[in-house]
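The values are calculated or read from the model by the stated rules, or taken from the named source; none is laboratory data. The structure displayed is predicted, hence computed values, not measured ones. Positions of Cβ are generated from backbone atoms using ideal geometry, with glycine treated the same way; all protein chains shown enter the neighbour counts.
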Amino acid sequence: MLGFGPRRFAQLCQEEKVLSNCFSQGSPTQSFRHWCEAHGIHKLILDWQGVNQDLAWQSQHARIMTWEHSEYPAQLKNIHACPPVLFVKGNVEALKAPQVAMVGSRHASPQGKENAKHFASALVAQGLVVTSGLALGIDAASHEGALLGGGQTIAVLGNSLDRIYPRSHHALAERIQMQGALVSEFPLGTAPKPAHFPRRNRIISGLSLGVLVIESTIKSGSLITANYALEQGREIFALPGSIHSPMAKGCHHLIRQGAKCVESVEHILEELVLQQRISAKNVSKLTDNDEEQGGLLAHIFDECISIDDIVSKTGLTAQEVSSMLLELELRGKVRAVPGGYIRVATGD
């Protein structure tokens with residue numbers, strides 16, 4: 001719909017809990033037209049042909065999730081102006097798993113790319129999903145590190161999923177789709193435009209528990225992602241570098257502003273475990289965290305079980321389950337696999 005961005009959509013959702021109420025037999029209801037006029041949308045243009053095109057594409061290639069969909073990731077749904085619609089190719093379950101975003105310069109140094117691969121591989125080894133933006137430089141190296149580490153990775157695009165950008169990353173995108181997911185909020189036929197990438201960045205940080213900046217100049221788009229992370233209440237991590245390198249200035253700026261300086265993956269993990277413990281204490285159902293985790297663990301065996309099935313069996317929310325699964329992963333009790341989780345034999 002022309003004139004509808006994420007913010008207006010969020011306003012509409014606050015008033016109309018069921019969006020189908022806005023339409024009757026394919027046409028806008030009178031009350032919906034009045035709402036649009038009251039919010040400055042005097043000419044409502046509905047692209048039903050585009051909608052039908054997207055739905056036809058979905059049946060062959062991917063999934064389309066609206067804000068109301070049960071599979072829409074709760075972590076993202078809670079941010080300001082969350083995307084009304086997500087287009088996903090690959091493993092939808094990966095979107096619900098605990099994620100760490102990794103971002104940095106498109107013009108990264110060889111050492112920066114190696115650092116990105118190392119940290120991505122170490123993070124997926126701990127059962128976390130690495131999320132980035134499929135761009136040149138640090139983004140691509142982060143995806144590569146996660147794939148080489150045998151873990152899952154998510155690429156969020158600043159264009160539609162039928163147009164991989166940059167074109168040189170077609171093969172990388174195919175590998176990500178097989179071992180994770182490609183995500184976009186843009187409908188079919190949407191080209192990459194400068195204004196799209198800040199919107200993409202809010203999704204990268206919104207899906208994640210925290211954002212790790214590997215290399216960044218002082219005016220890098222990575223700092224935009226870090227700013228979104230700050231607004232969304234996410235953890236911010238930065239890798240230090242040489243004081244003589246312009247590629248380190250953005251990271252040093254973030255550290256001076258309060259980002260956690262990291263030299264190893266353990267510095268990230270300890271912060272995330274602390275964050276999850278604090279979150280758990282604020283959830284009324286988690287009065288006894290160890291007891292709740294034990295109850296959750298009783299439903300996980302050698303065969304893969306999805307987060308949805310765990311939610312159904314335990315009666316906990318998806319966010320509560322994700323929080324406990326992260327801590328269980330970090331404690332070596334369970335492991336994330338394509339489609340869900342399996343139990344790790346510990347001998348106790």
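Values for this structure:
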quantity: Residue identified as small (Gly, Ala, Ser) and surrounded by 18 or more Cβ atoms within 10 Å (Cβ to Cβ) among Ala195, Ala238; calculated: Ala238
quantity: Matching residues in segment 175-213 - criterion: being assigned to a loop (DSSP other than H, G, I, E, B), touching a Leu at 6+ places or on another chain (Cβ under 8 Å) and within 21 Å of Ser323 (Cα to Cα); calculated: Leu209
quantity: Leading residue by the ranking (farthest from the chain's Cα centre (by Cα)) among those in segment 196-227 that are at pLDDT 90 or above and small (Gly, Ala, Ser); calculated: Ser216
quantity: Scan of segment 226-249 for residues that are assigned to a helix (DSSP H, G or I) and either more than 16 Å from Gly137 (Cα to Cα) or not assigned by TED's automatic domain parsing to the domain that holds Ala120 (or both), ordered by number; calculated: Ala226, Asn227, Tyr228, Ala229, Leu230, Glu231, Lys249
quantity: Some residue of segment 56-75 being at pLDDT below 90, outside any strand (DSSP E or B) and of a type in the set (D, E, K, R); calculated: yes
quantity: Residue within segment 290-303 that is among the charged types (D, E, K, R), surrounded by 15 or more Cβ atoms within 10 Å (Cβ to Cβ), assigned to a helix (DSSP H, G or I) and at pLDDT below 90 present; calculated: yes
quantity: Within segment 160-190, considering residues that are modelled with pLDDT of 95 or more and touching a Phe, Trp or Tyr at 6+ places or on another chain (Cβ under 8 Å), the one farthest from Ala146 (Cα to Cα); calculated: Ser184
quantity: Criterion: crowded, with 16+ Cβ neighbours inside 10 Å, in contact with an Asp or Glu (Cβ under 7 Å, 6 or more places away or on another chain) and not in a helix (DSSP H, G or I) - qualifying residue of Gly127, Gly151, Gly158; calculated: Gly127
quantity: Matching entry among Glu37, Glu93, Glu114 (being modelled with pLDDT of 80 or more, part of a helix (DSSP H, G or I), surrounded by fewer than 17 Cβ atoms within 10 Å (Cβ to Cβ) and not polar (S, T, N, Q)); calculated: Glu114
